[in-house]
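Here's the structure we're looking at; comments come further down.
The values are calculated or read from the model by the stated rules, or taken from the named source; none is laboratory data. Quantities reported herein were computed from a predicted structural model and do not represent experimental measurements. A quick note on method: Cβ atoms are made from the backbone with ideal geometry, for glycine too, and the neighbour counts reach across all protein chains shown. Remember, those area values only see protein heavy atoms, side chains included, never the ligands or the DNA or RNA. Shrake-Rupley method; radii C 1.70, N 1.55, O 1.52, S 1.80 Å.
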Amino acid sequence: MTDLKTLYQTDYAAWARRHVELLRAGRFAEMDIEHLLDELGDMSKSERRELESRLLVLIAHLLKWEYQYPVLSDQWREFDGRSWRNTIVEQRKQLAVLLRQSPGLKPVVGEAIAAAYPDARDLASKESRLPPETFPADCPYSAEQLLQDDFYPGPSETRS
């Protein structure tokens, strides 16, 4: 095991490959359990951070879509929200891929939305220059709405 602990410090890829071999062979006693547990814990934290980060961007853009788009499209006929729509589409696609590749994240989507929302609200406020109070205190969108390709909040004319 000392060799594996040293390998962990010097060649992470080799350490990981060796653990795959040990797992397949059922040689659990030879594994570097301490570092393996650290890595597995960090992996789930990393995936959770990505989930929250993508939700933050998606929610911020949906808030801007709902609260700022109608004003901008009235002021500037040429404003069509295309860049916001592109960001919304991209974040939804990346979230779908993440949830497909890491199905264990599905049960924590609601918690991740709640965790991401205050920062999404703040981002939407800063980017739109609308006061934070413009936006609801709690996320107005359900997980289903956030992940639904054709959901765009607000009046029907903003859903084009």
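Within the range 126-146, can one find any residue that is modelled with pLDDT of 95 or more, outside any helix (DSSP H, G or I), among the small types (Gly, Ala, Ser) and open to solvent by 50 Å² or more (accessible area, probe 1.4 Å)? Yes, the range 126-146 has at least one match.
Residue 50 passes every criterion in (1) at pLDDT below 85; (2) surrounded by 12 or more Cβ atoms within 10 Å (Cβ to Cβ); (3) of a type outside the set (Ser, Thr, Tyr); (4) closer than 30 Å to residue 142 by Cα apart from (1). Select from the range 1-26 the residues that are modelled with pLDDT of 90 or more, open to solvent by 100 Å² or more (accessible area, probe 1.4 Å) and either more than 20 Å from residue 43 (Cα to Cα) or of a type in the set (A, V, I, L, M) (or both) and list them in ascending order. Within the range 1-26, just 24 meets the criteria.
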